[in-house]
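Below: the structure, in structure tokens.
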Amino acid sequence: NAGVTQTPKFQVLKTGQSMTLQCAQDMNHNSMYWYRQDPGMGLRLIYYSASEGTTDKGEVPNGYNVSRLNKREFSLRLESAAPSQTSVYFCASRQGEGTYEQYFGPGTRLTVT
Amino acid sequence: LAKTTQPISMDSYEGQEVNITCSHNNIATNDYITWYQQFPSQGPRFIIQGYKTKVTNEVASLFIPADRKSSTLSLPRVSLSDTAVYYCLVTTGFQKLVFGTGTRLLVSP
């Protein structure tokens, strides 16, 4: 099993450009999450999907949209990138009820100039 | 969501036991306590979760007193590879993991 995979690993955007961060998990998990982590800070939840077909806002959703394409894939889209969105983005998945164990991907390092 | 407070940093030496205490005074009845570990340039990794008393797994122990207003993560005989940031989280339901700034543990030879 690859676990949680994310693409791309690195990305540089100019202000106003758009892009989609891809995330996939092969553990048949129900829930998936997108976080961002700024330097020296903890992770902040952007959006999550409790199950296939549902998505909900987290702590910092402004400027982002998500799509739960199927049970495996959960994408994060930046429609018009801003320098404040420079961060490391982590995708995670969780089996479901009964555990708070989330499995995290390797992250995407995004720089917006 | 219950707010957590933990030390910003801790230092230790190889072979010692490390105890990291987290305060969560307004923890709710249904909240669980969860600890994650994060190495530089990696996503966090789940260590342990508990509700009350003591939980032990192959890497750590979690001690939770009866009032549940604090918890202590215990790492036995740390090695250099345990140098990382450790996050204490209090969670209700599956979606609301709130990561604070964590505790930076530095293990020296």
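The values are calculated or read from the model by the stated rules, or taken from the named source; none is laboratory data. Everything quoted here is computed from the prediction, not taken from an experiment. Methodologically, a virtual Cβ is constructed for each residue, glycine included, from the backbone with ideal geometry; neighbour enumeration extends over all protein chains shown. Protein only, heavy atoms only, side chains kept; ligands, DNA and RNA dropped before computing areas. Shrake-Rupley method; radii C 1.70, N 1.55, O 1.52, S 1.80 Å.
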**Study point:** Cα Rg over Rh - chain B, Kirkwood
**Key:** 0.95
Check your understanding: Could you give the longest part of chain B that holds none of the trypsin sites (Lys or Arg not before Pro) found in DSSP loops with at most 16 neighbouring Cβ atoms within 10 Å?
Key -> B:4-51
**Study point:** Heavy-atom accessible area, 1.4 Å probe, ligands and nucleic acids excluded: residues of the stretch B:67-109 down by at least 20 Å² from chain alone
**Key:** B:Tyr87, B:Gly93, B:Phe94, B:Gln95, B:Lys96, B:Leu97, B:Phe99, B:Thr101, B:Arg104
Point to revise | Restricting the stretch A:38-113 to GluC sites (Glu not before Pro) in coil, as DSSP defines it, with at most 12 other Cβ within 10 Å | key: A:Glu79, A:Glu97
Review point. Once you treat every alpha carbon in chain A as an equal point and sum by Debye, what is log10 I(q)/I(0) at q = 0.10, 0.11, 0.20 Å⁻¹?
Key: -0.25, -0.31, -1.02
Review point. HN-Hα J couplings of the stretch A:72-89 from phi, Karplus 6.51/-1.76/1.60, θ = phi - 60°, integer Hz, Gly and Pro as x?
Key: 7, 10, 9, 10, 10, 10, 9, 6, 9, 4, 10, x, 5, 8, 5, 5, 9, 10
Exercise for review: Could you size up the charge dipole of the stretch B:34-80 around its Cα centre, putting +1 on the beta carbon of Lys and Arg and -1 on that of Asp and Glu, and report it in debye to the nearest 20?
Suggested key: 100 debye
Point to revise | Charge-dipole axis of chain B as Lys and Arg at +1 and Asp and Glu at -1 on Cβ define it, positive-most pick from B:Val90, B:Phe63, B:Asn19 | key: B:Val90
Exercise for review: Give me the percent of the accessible area of the protein assembly as shown that comes from carbon and sulfur atoms, probe 1.4 Å, all protein chains in place.
Suggested key: 50 percent
Review point. Which percent, to the nearest 5, of DSSP beta bridges fully inside the protein assembly as shown are antiparallel?
Key: 90 percent
Exercise for review: Compute the separation of the alpha-carbon centres of the stretch B:44-109 and the stretch A:13-88 and state it in Å as a whole number.
Suggested key: 25 Å
Point to revise | For A:43-55, mean number of other protein chain Cβ atoms within 10 Å | key: 2
Practice item. Mind putting a number on the dipole of the stretch B:5-61 about its Cα centre? Charges go on the C-beta only, +1 for Lys and Arg and -1 for Asp and Glu, and I need it in Debye to the nearest 20. Key: 220 debye
Point to revise | Assigned charges on the beta-carbon of Lys, Arg, Asp, Glu; the protein assembly as shown dipole about Cα centre (debye) | key: 360 debye
**Study point:** Cα-based convex hull volume of the stretch A:65-113 per residue, rounded to whole Å³
**Key:** 92 Å³
Exercise for review: Taking amide H positions as placed in the peptide plane 1.01 Å from N, state which residues far from B:Met10 in sequence (5 or more) or on other chains have amide H under 5 Å from it.
Suggested key: B:Arg104, B:Leu105, B:Leu106
Practice item. From largest accessible area down, sort B:Thr72, A:Thr108, A:Thr15; use a 1.4 Å probe on the protein chains. Key: A:Thr15, B:Thr72, A:Thr108
Study note, to complete from the structure: the protein assembly as shown accessible area per residue, 1.4 Å probe, protein heavy atoms, integer Å², reads 48 Å²
**Study point:** the protein assembly as shown: translational diffusion in µm²/s, Stokes-Einstein, Kirkwood Rh over Cα pairs, 10 °C, 1.306 mPa s
**Key:** 88 µm²/s
Check your understanding: Just which residues of the stretch B:28-61 lose 20 Å² or more accessible area with every protein chain there, against their chain alone, with the probe set to 1.4 Å?
Key -> B:Tyr32, B:Tyr36, B:Gln38, B:Ser41, B:Gly43, B:Pro44, B:Phe46, B:Gln49
Check your understanding: Which of A:Lys9/B:Lys3; B:Lys3/B:Lys54; A:Lys57/B:Lys3 have a Cα-Cα distance over 28 Å?
Key -> A:Lys9/B:Lys3
Point to revise | Filtered trypsin sites (Lys or Arg not before Pro), the stretch A:11-113: DSSP coil and at most 12 other beta carbons within 10 Å | key: A:Lys14
Point to revise | Neighbouring partner chain Cβ atoms per residue of A:98-106, average, 10 Å criterion | key: 6
